[in-house]
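Enquirer: Supplied in structure tokens, the structure appears directly below.
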Amino acid sequence: MAASRPSRSVSARDISIGCERLDGAGSWDTLEWTKIEPVTRSVSHANFEFLLEAERVLDEGHGVVLVNTDEAGTLFVTNFRLLFLSDGTRNIVPLGTIPLATIEKFNKMVVKIQSTSRNTNKSSSRRLLQIIGKDMRIIVFCFRPRTKQRRAIFDALSRCTKPERIWDLYAFTCGPSKFCNLSPKVRLLNEYFRLLGKGFHHASMRMIEDGSFTMSNDSWRISDINFNYSLCQSYPFALLVPKNVSDDEIIQASNFRARSRVPAVSWCNPETGAVLARSSQPLVGIMNTRSTADEKLVAALCAQLIDEKDSRRKLYIADARPRKNALANGAMGGGSESSSNYFQSEIVFFGIDNIHAMRESFARFRDYLDTHGAASSDGMSSFLRHGGWTWGGGNLSSMSASVSTLGDSGWLIHVQSVLAGSAWIAARVALESAAVLVHCSDGWDRTSQLVSLANLMLDPYYRTFTGFQALVEKDWLAFGHPFSDRVGMPSISGSSFELSRNASSTGSFSSSPLRQSSGSSQASNSSHAQNNYSPIFLQWVDCVSQLLRIYPFAFEFSSNFLVDFLDCVLSCRFGNFLCNSEKERQICGVDESCGCLWAYLADMRSSEGRSHAHYNLFYDTLKHNGPLLPPAAALAPTLWPQFHLRWACPFESQAGELEAECRNMAIKFSELQKAKEVAEMKAKEYLAAMEILNVDLQNEKQVSSSAINLAKRASKENAAIQRAVQSLGCRVNFTNSSDSTVDVESSLMETSQRFSLPRRESEYTMEHNDRSDLSVSITVVADDVVPSSSPLGQVCETLCPLRTQGRGCQWPDAACAQLGSQFVGLKANFDAFDRLSIYDRYFKSE
């Protein structure tokens, strides 16, 4: 943070800096080497945990200071990046670590510092190395005096940042690893199938080899006329063209377009018939030349009728260039179409500047951010610029000047021009169902920007991860945007290389003579490649971020994804964006030899699922399921904080901090949701267990109730048996022993005999097995003994009318045994007697 760094009395911006020497005065106290204890021990490269796969250290410098943050550390040059390791934490410093391919240029500088001591007029110098990146950063390293470390680092950067051969890039050294790249040709055909309404077909390499991919619908067809790139070397192997135009007519039309880039379909609506096509400028020249084949091909784009009234579809030809530039190109054989030559057409000029204007604008914009940022390359905060608090002190003229500098850079104006042109195209296609043909000069820079951005607005599919990949591969890679030239990397060129490459179809790259012979052609084209460097693709991604800001619910991916995606493109770590065309990538074997950027990003997302920072939390498929048609007032662009400010203003670049907070809340909500689901599942389990217990309890209650009823019934039966037996003149005792016994006592024989009653399972014991057996103890009194001790006997003797005088009870021979003991209110239960197996033989006297 700027606030935590000590202030400087003099800014390096006030010092006139030359390429090799810089004179000035001031005090760089944080760079005093007496205050820095550089690490002199060597770092073990074998155990260096921060190196990537196949990354190796080429050179290193110790005691180096990163001027932007006043941090001392060790600077490494590897075959992939410039890596700065802090001496204090031994961690990588992100600001001081930059891939070699992302470095636009670097310079050695010498700052001469006047001593502040009054006793001496000597001056000292500081040896600096300035690194200017393509990702909006400017960093400066300061090296120890009287050492050769800066020269060694500079020489290593000179060898590695601009390699002469494409195979010297880290992408080829690393290889595909686990991020293998499936054939982009297959993915291109699948996208064509989707546009034709035949998404149920799936392309394959076998389909490409046997040529069976040439499908069609009522209006369009897939042509294999460029299968061997004989029609156009910068076009894909398959083209989507009007169905009623033959391949011979396409060949004739190619002669009328710059670099043979004929009009080809980029997107079409199978329902309305609206179409968006692209091409290069026509070769009309100053003589206003015409081509019948070209006019027929362009007319075929709008041949389909728009409605039942036979209304002809309107044709718009959108020229991305300023009108004066198009006219100037006419003097060199190019130019623009004439509406009189193309039936019912309208020519529109968008006025977007060329690649050189974009490169200069980008450089001014980068300088503005570095000058007025919190972590500037001179180590000074913008608050202390020009020796005063220009922002906080109320120096209005200085504030206005800085704002004017931002406007003078022109970057945001260029972004707005691309956005406005793309919105106009999308509106014509969506609202009028028109046919729009877009081109610039060569048809691979501004054309790619406009067409792909219009596709993004028209088709919701392109606003998903899968669709975004398909869009980039179709309109940027397949249609030949020269990435190697625009990023400033080496590429292949020259027919001799191609012939040699075809001659040796097999063999490793290390031993191939093609790679050795390509060096001279690469070296001769190095200055040309540097002149063609331009941040065209970066500008397009900037436009996508502006749409994401305007429509936060329309995109599946987030701004963080765009930043990581752009970093991967600029780093050249993967092979997807190497070379200038599909043909060159095929010749170099990029798909087989290098890793895949898309697989790498997908692997990053898979680690955290939907909670990953690449996912847009606010994405709603139903909210924007149609085209996005932003009005002109909504297209005013602003800074893209996550990318533009991340190096110069790291704290302010966290404009996505709110999104990060929302993401954390979403993660917590997801965790709570999962916890809720687990709790609900447990609650359901508990409810099910309770229901089972309730059922068991009900069953137990029923069993208990049955047992009680059986017990009551048994009690009643026992009482009845007791009364019945007592009516026979016996004493009955019921016990809970396992056997039933009958005790018979006879006073005549003065003996007591115990008879064991055989057990029979009674009716109630069969119903309830848990009931204990009953035992009955019966005592029989002799007939001639008056049972005076028995109340029942006394009653019987008193009331019995059958009693004979002088004799005792004659039971069971008496009639009362057959009539029942009605006189005492008792009645024997003979059925119970039978169940107890009580027979007369038990009562016979011996």
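The values are calculated or read from the model by the stated rules, or taken from the named source; none is laboratory data. Given the structure is predicted, the values throughout are model-derived calculations rather than measurements. All Cβ positions, even for glycine, are placed from backbone atoms using ideal geometry, and neighbour counts span all protein chains on display. With ligands, DNA and RNA removed, areas are computed over all heavy atoms of the protein, side chains included. Shrake-Rupley method; radii C 1.70, N 1.55, O 1.52, S 1.80 Å.
Enquirer: Excluding Glu53 itself, what net charge comes from residues whose Cβ is under 11 Å from its Cβ, given Lys and Arg +1 and Asp and Glu -1? Mind dumping the intermediate values first?
Expert: Numbers: positive: Arg56, Lys178, Arg573; negative: Glu55.
With Lys, Arg at +1 and Asp, Glu at -1, the net is +2.
Enquirer: Report in % the part of the accessible area of region 660-721 that belongs to carbon and sulfur, leaving out ligands and nucleic acids; probe 1.4 Å. Please list the in-between numbers first.
Expert: Working: 3080 of 4940 Å².
Its accessible area is 62 percent carbon and sulfur atoms.
Enquirer: Seen from all sides and averaged, what is the projected area of the convex hull of the Cα atoms in region 118-177, in nm²?
Expert: 7.1
Enquirer: Further, regarding this structure: Across the Cα atoms of region 232-279, what radius of gyration and what greatest pairwise Cα-Cα distance (Dmax) are found, in Å?
Expert: Reported Rg and Dmax, both Å: 11.2, 33.
Enquirer: Under a point spin-label approximation (7 Å from Cα along Cα-to-Cβ), what is the Asn255-Val57 distance to one decimal in nm?
Expert: It works out to 6.3 nm between the two label points.
Enquirer: Can I get the semi-axes of region 660-721's equivalent ellipsoid? Compute them from the C-alpha gyration tensor as square roots of 5 times the eigenvalues, in angstrom, largest first.
Expert: So the three semi-axes of region 660-721 are 58, 5, 4 Å.
Enquirer: Can you work out the accessible area per residue across region 398-478, with the rest of the protein chains kept in place, probe 1.4 Å, in square angstrom?
Expert: Details: 1840 Å² over 81 residues.
That works out to 23 Å² per residue.
Enquirer: Along each of its three principal axes, how wide is the spread of alpha-carbon positions in region 69-214, in whole angstrom units, largest first?
Expert: Here the spans come out as 87, 28, 27 Å, largest first.
Enquirer: Return one whole number: the accessible area per residue of region 660-721 in Å², for a 1.4 Å probe.
Expert: 80
Enquirer: Spin-label point model (7 Å from Cα, Cβ direction): what's the Lys243 to Ala328 distance in nm?
Expert: 4.4
Enquirer: Given a Förster distance of 56 angstrom, what is the FRET efficiency for His356 paired with Ala675, based on the Cβ-Cβ distance and rounded to 0.05? All intermediate terms of the calculation are to be shown ahead of the outcome.
Expert: Numbers: r = 58 Å, r/R0 = 1.04.
After rounding to 0.05, the efficiency reads 0.45.
Enquirer: First measure r as the distance between the Cβ atoms of Lys682 and Ser611, then evaluate 1/(1 + (r/R0)^6) with R0 = 35 Å and state the FRET efficiency to the nearest 0.05.
Expert: Efficiency computed from Cβ-Cβ geometry: 0.90.
Enquirer: Leaving out ligands and nucleic acids, and using a 1.4 Å probe, what accessible area per residue does region 219-292 come to in Å²?
Expert: Heavy-atom accessible area per residue stands at 38 Å².
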